[in-house]
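What follows draws every value from the coordinates through simple rules; no lab data is involved. This one's a predicted model, so the numbers in the text were calculated from it and none came from an experiment. Don't worry about glycine lacking a Cβ; one is built from the backbone with ideal geometry, like all the others, and counts go over all protein chains shown.
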């Protein structure tokens, strides 16, 4: 009998049995080929394994079914690649769209074309023709779906007939050629590592049994087996059709440990636990994917340093996409050479993105947000710094659409203008390649070829690969050297497949993206000794010494199969009832995956490492896989205890962070840790670790950083008190700032009115309040907004509208200032009064330690005077309410400090300080109130507001007299002179305290109340991401009396 089936207990045993047969083959009999057939995912490992087992041999070869088809039935037609198939399918759907019923609303998209091609491929693998499909089911709804699929199926077959062969066609060709092939008649076949066969593959094996010298198949199956073995079922069907087979049971007994694991995983029984030490079975529970990969990297590092080899470690990942970035980061951190078994899609390469972005830029008529992806691409060819300055320049002056010249920005630094001009010129040269609004696909392909030729994009591609390879072997470099050939192939296939179709730019890009995304480039390992990582379905090996499983979570490993195909499992079941076998369905694939995991866990010879995480990428909770629980049952520790998952594993070398975790855990349990930390030399490490979890950040040389100019402003001190970390990132330290854009921001609105009021008050000081009418303010506003910056702003319709409204608001504000001055005996004596080094007002100074004196500087919006008294007025577009609590916290120090500056400089008596609200938010008509504090002196109040003299009340100052003639304290606006002095003293002491803390390098993440809500640096600050972090706040009430006590006592 020439058909023999070996039933083994594991896939590894099946492989070993086939190798034993091949070792007995005479190597001198080169006329009798011995053909090994394995699935795609096992082909590379099978070739290596056979070479190691039997050495070099001319009569033993390893094939997949598809590769063997190319040997037995040489192709006479061009192979239909995946991308060509999708393109062909999109064309077919376009041509038959009006005949579709069930899928009439699906649209001709790449995704739909790919789905329907997958269904048709499944039908072809199961040898179901369109004609069979039409009479397959009586269910009306399913019949409509099958009718649409049959329609597209027939049209697709007619479209590719005598032109292309896809993979299913190749297998059909092989099947037809087996009976007449002399090669088959003298060959012996060995088949293993399959988890099931399609109808086509079954038919091929059946023919091989009939016509060859013999077929030997090995599978993992047995009585009581937990998994339905599709491969064994296929072999039984073949045997039934060919007169039976010789079935041989071969059991390969391993160690007691593997035998116990086998019973637990394959048969669900645990007779007796098999104890394993931690070194041989390691189970880890991590918080998230990042931590999980870190622990794995440290485990591998420790394994290699104790004598292991990187190539002995095989890592199976539940989902490479979820872990890719963490793997690259932490494996590089530990200097672990690794090979991530993944394919690079052509459309992910920068060159393909450049081509697509260029077309979109032209379609959008050079709109800036479409221009920027093009100029930022490596293939544009501009220097990175030039592109950065170009972007800032365009955003600031609202350039877009027309890049023929830059007519604004003459006041910018020369470096910025020259850089922007270089990019503009290059952009203009690039845009000379014309892109028609509508054309044939072939014409669009010619545009791509012209773009590549005129800009020497392939030359830049070669430069990119060469540059990446200079430092070290690089996967992206290996990818890049293949891109030109692959891209040419895609363009040629576009012409052949859809060249005559008319399309607009977006539809052509759909074709281009579909073709490029289906071209995958595989990269071989760059190192002989490296860790191999792959998904469960990517590779199959049987020579694993140390196996690491990453992401062993329920629903992740194996991944839950979604039943979302155009023909779902219920549809396939209906076809089965009508006598059509269609396999595999989603449920079968899920069962096969579970079997694959079980077989995988039986592979490692020395070590097994399994880890899972507790949270998903979106923060949802995760559970360990049922396989984890099974392993815990079968593998106890040598002392009989359960193998608990380690949450902070310490693998020794290069695991200082793990030691810190351990110290923290012991501290959490109430044990002393200071001595342990000191003894282990971990104090600095612990400090660095804690920086991610505590707000304490101290910088070296704080004085040099924060006071490099030898001066400081009140605004900077207030920013420091709002949040030292934000102060460090912004103008106080690193000088980070948001890029300027040609649109009106709230700060711009305040600045414009601020400038207008300065000039308006100066006009009043020169000509009197009576002369200042609305026309004066309008002229001032037009002069303030006439520069390039505001010309650029007015190119934006919304900003232009806001400027018009702001113009009227500035007039209202100006008229209120005029009315206030006409009602007051106080008159402006200074506007934008500067104090500081080399300024009109002398600068006070404060000591920051070590004898260092820092001079104060700033500008006072307005000083009004009446005889020997003065007030300070500060214009505020936002909140204009003064609160003692904010002074107490240090976030509102400005006005009391300004009082001190003027009092000390001029020797005048302070009468009060006020915020003048600039905006009514375009809604309220009355915004006359001043927010601040004033001395409770009746004479002063009468001098400040004539209304108070007339009626004993001032709505502007928010004060009134009691019936007994004293100033009411109900509004909290009026202060005694002692209290006003106390405010000044307290504010200055807060200034000095902030100066010392800044000099000491305080940059802690300690925001005051709502400082985080509008912080521009929230993206680079983790304060809100960590639990247990509290903002600073002042508990309880703070009154004038509170500050008076603080100011007097100096506490």
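Which whole number in µm²/s is D for region 31-160 by Stokes-Einstein, with the Kirkwood Rh taken over Cα pairs at 37 °C and 0.692 mPa s?
187
Bins of 5 Å, beginning at zero and ending with the bin holding the largest distance: percent of Cα pairs per bin for region 776-927, please.
All Cα pairs, binned at 5 Å, distribute as 2, 8, 13, 16, 17, 16, 13, 9, 5, 2, 1, 0 percent.
Please compute the contact order of region 367-430 in relative form: average sequence separation of alpha-carbon pairs under 8 Å and at least six residues apart, divided by the residue count, as a percent.
39
Peptides 260-271, 982-993, 836-847: what's the order by average Cβ count within 10 Å, highest mean first?
For the peptides 260-271, 982-993, 836-847, the packing ranking is 982-993, 260-271, 836-847.
Per-residue ellipticity at 222 nm for the chain, helices alone: DSSP H runs ≥ 4 residues times -39500 (n - 2.57), over residue total, nearest 500 deg cm²/dmol?
Estimated from H runs of four or more residues: -14500 deg cm²/dmol.
Determine by what factor the alpha-carbon radius of gyration of region 236-347 differs from 2.2 N^0.38 Å, reporting the quotient.
For region 236-347, the normalised Cα radius of gyration comes out at 1.54.
Rounded to whole Å and ordered largest first, report the semi-axes of the equivalent ellipsoid of region 855-914 derived from its Cα gyration tensor (root of 5λ).
Listed largest to smallest, the semi-axes of region 855-914 are 20, 13, 11 Å.
Using only Cα atoms and rounding to the nearest 10 degrees, what angle (0 to 90) does helix 384-397 make with the longest principal axis of the chain?
50
For residue 431 and residue 1013, FRET efficiency with R0 = 41 Å and r from the beta-carbon atoms, rounded to 0.05?
FRET efficiency, residue 1013 to residue 431: 0.45.
How would you rank 698-704, 43-49, highest first, on the average number of other Cβ atoms within 10 Å across their residues?
Packing proxy ranking, top to bottom: 43-49, 698-704.
If each residue of separation counts as 0.36 nm, what is the full-extension length gain between residue 953 and residue 513 once their alpha-carbon separation is subtracted?
Result: 151.0 nm gained on full extension.
So what's the gap between the Cα centers of region 529-560 and region 328-377, to the nearest angstrom?
28
Taking every pair of alpha-carbon atoms in region 746-1044, give the share separated by more than 33 Å as a whole percent.
31
Can you give the FRET efficiency for residue 992 and residue 827, using 1/(1 + (r/R0)^6), R0 = 25 Å, r = Cβ-Cβ distance, to the nearest 0.05?
After rounding, the FRET efficiency stands at 0.15.
Which of rounded, prolate, oblate describes region 409-522, given a ≥ b ≥ c as roots of the alpha-carbon gyration tensor eigenvalues and a/c under 1.5 marking rounded, otherwise prolate only if a/b is larger than b/c?
In terms of gyration-tensor shape, oblate.
Run the quick spin-label model on residue 185 and residue 324: label points 7 Å from Cα toward the beta carbon, then report their separation in nm to one decimal.
5.1
Pairing the Cα long axis of helix 167-178 with the longest principal axis of the chain, what angle in degrees results, from 0 to 90 and rounded to the nearest 10?
So the inclination is approximately 10 degrees.
Quick one: compute the contact order of the chain, relative version, from alpha carbon pairs under 8 angstrom and 6+ residues apart, as a percent.
Relative contact order comes out at 12 percent.
Does region 488-592 come out rounded, prolate or oblate by the C-alpha gyration tensor, with a ≥ b ≥ c the root eigenvalues, rounded set by a/c under 1.5 and, if not, prolate when a/b is larger than b/c and oblate if not?
Since a/c reaches 1.5 but b/c is at least a/b, the shape of region 488-592 is classed as oblate.
Which shape class, rounded, prolate or oblate, goes with region 935-1051 when its Cα gyration tensor gives a ≥ b ≥ c as root eigenvalues, a/c under 1.5 marks rounded, and past that a/b bigger than b/c marks prolate?
In terms of gyration-tensor shape, prolate.
Counting every Cα pair in region 367-430, what percent are over 18 Å apart?
I get 23 percent for the Cα pairs in region 367-430 exceeding 18 Å.
As an exercise, use a Förster radius of 35 Å and the Cβ-Cβ distance of residue 71 and residue 469 to find the FRET efficiency, rounded to the nearest 0.05.
So, using R0 = 35 Å, E works out to roughly 0.50.
For region 26-91 and region 446-460, what is the centre-to-centre distance using only Cα atoms, to the nearest Å?
37
How far apart, in nm, are the 7 Å Cα→Cβ label points at residue 615 and residue 697?
Taking the simple label geometry, residue 615 and residue 697 are separated by 2.0 nm.
State, as an integer percentage, the relative contact order of region 542-660 based on alpha-carbon contacts under 8 Å between residues 6 or more apart.
This gives 34 percent for region 542-660.
Compute the helix-to-body angle for 746-767: its Cα long axis versus the longest principal axis of the chain, expressed 0 to 90° and rounded to tens.
For 746-767 against the chain, the angle is about 20 degrees.
Give me the distance in nm between label points sitting 7 Å out from Cα along the Cα-to-Cβ direction at residue 32 and residue 586, one decimal.
Calculated label separation equals 4.9 nm.
List residues of region 191-227, by number, whose backbone nitrogen lies under 13 Å from a label position 7 Å along Cα→C-beta of residue 629.
The answer is none.
Share of Cα-Cα pairs in the chain beyond 52 Å, in percent?
Summing the P(r) of the chain above 52 Å gives 44 percent of all pairs.
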